[in-house]
1. Is there a residue being on the phi > 0 side of the Ramachandran plot and surrounded by fewer than 20 Cβ atoms within 10 Å (Cβ to Cβ) anywhere in segment 253-273?
2. Residue under question is P58, and the condition is that it be in a loop (DSSP other than H, G, I, E, B), touching a residue at least 40 places away in the same chain (Cβ under 8 Å) and touching a Phe, Trp or Tyr at 6+ places or on another chain (Cβ under 8 Å); does it hold?
3. What's the number of the only condition in (1) in contact (Cβ under 8 Å) with a residue 40 or more places away in the chain; (2) closer than 21 Å to G107 by Cβ that V160 fails to meet?
4. Filter segment 205-252 for residues that are among the β-branched types (V, I, T) and either surrounded by 20 or more Cβ atoms within 10 Å (Cβ to Cβ) or farther than 26 Å from E168 by Cβ (or both) and give the result.
5. If you go through segment 19-34 one residue at a time, do you hit one that is within 21 Å of T216 (Cβ to Cβ), aromatic (F, W, Y) and in a strand (DSSP E or B)?
6. Among D89, D140, D117, which is the only one that is on the phi > 0 side of the Ramachandran plot and modelled with pLDDT of 95 or more?
7. Could you tell me whether any residue of segment 151-168 is modelled with pLDDT of 90 or more, among the charged types (D, E, K, R), closer than 18 Å to N246 by Cα and surrounded by fewer than 18 Cβ atoms within 10 Å (Cβ to Cβ)?
8. Which of the following residues is within 19 Å of the chain's Cα centre (by Cα), free of Cβ contacts under 8 Å to residues at least 60 places away in the same chain and more than 17 Å from E113 (Cα to Cα): A242, A196, A213, A231?
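The values are calculated or read from the model by the stated rules, or taken from the named source; none is laboratory data. Fair warning: this is a prediction, and the values are worked out from it, not measured in the lab. In this analysis, Cβ positions are derived from the backbone assuming ideal geometry, glycine residues included, and neighbour counts consider all displayed protein chains.
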Amino acid sequence: MSVATLWHEAKPPVRPAPPPHQRAAGRLGLTFACSGGVSTLADLDQHSPCRALFPRPPAAAPPLAVLVNTAGGLAGGDTIAVSVSVAADASATVTSQAAEKIYRSLGPHARVETRLDVGERAFLEWLPQETILFDGACLDRSVRANVAAGGRLLACEMLVFGRVARGETLRHGKLRDAWQIESCGRLVWIDRLGLAGDIGGRLDGIGFGGARALATAIYVGPDAAAMFPEARRVADSEAGGATLVNGVLVARFLHSEPSRVRNALAQLLARLRPLGTLPWLQ
């Protein structure tokens, strides 16, 4: 017995779809409040791979939180959302344990969203260590802050384009870096940086001048104008610049040596913060 099969009845073999890559979706929420003139941690919400450590701060210093990414870095498709809220009259310092690493992506962006809320007469320091972009990395990062009347915010972010210490150069990838600052419910400063494709060529061209690291520091507060001359002196001496926009003090540093940018940022922040030094330099 034989069976004839028409050509259009033949079906190609079904190949199973490749398994999806495991992606991280970290979340960290910190709330600080003031009770009896003392600032304390009021609420903590953390979801792996985000964790917070609370080392004992120096005497008379505000509470200190140190952020940890237990995954050791971010790849394409990973997301991290961090929110820090400081209630009226409270103060806090938030930093990170180590530099954040953004690995080569297979296509999707790694997303990092930061939300900072500063209450009336409150003070928040957002002072993370640098973010290192590996060749082929894709990063979409945003920092949004809202500062109430009489509140103060000192914040910084630093980018390193490639593992320069290992001789690696960031040639291709995608980057979207966004800042948005509101004061008393009014938008006072917004900034966008976008790089895609031949990032190495852009960094070597006009505008970046061969820079391999970029740092931005902002200060929002009633005394921002008074602090501006000192910030400009530091920036002018360290291959940077400073300006005052709608009461927001903004300083930026660019250099081919990431260590130069890190040191310049440390000098500036040390002049602007009350304790005169940084958590990750103590």
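1. No, segment 253-273 contains no residue that is on the phi > 0 side of the Ramachandran plot and surrounded by fewer than 20 Cβ atoms within 10 Å (Cβ to Cβ).
2. Spelling it out, it is not the case that P58 is in a loop (DSSP other than H, G, I, E, B), touching a residue at least 40 places away in the same chain (Cβ under 8 Å) and touching a Phe, Trp or Tyr at 6+ places or on another chain (Cβ under 8 Å).
3. Only one criterion in (1) in contact (Cβ under 8 Å) with a residue 40 or more places away in the chain; (2) closer than 21 Å to G107 by Cβ is unmet by V160, namely (2).
4. Passing the criteria: T216, I218, V220, V234, T243, V245, V248, V250.
5. Scanning segment 19-34, I find no residue that is within 21 Å of T216 (Cβ to Cβ), aromatic (F, W, Y) and in a strand (DSSP E or B), so the answer is no.
6. Result of the check over D89, D140, D117: D89.
7. No; the residues of segment 151-168 include none that is modelled with pLDDT of 90 or more, among the charged types (D, E, K, R), closer than 18 Å to N246 by Cα and surrounded by fewer than 18 Cβ atoms within 10 Å (Cβ to Cβ).
8. Matching residue, one of A242, A196, A213, A231: A196.
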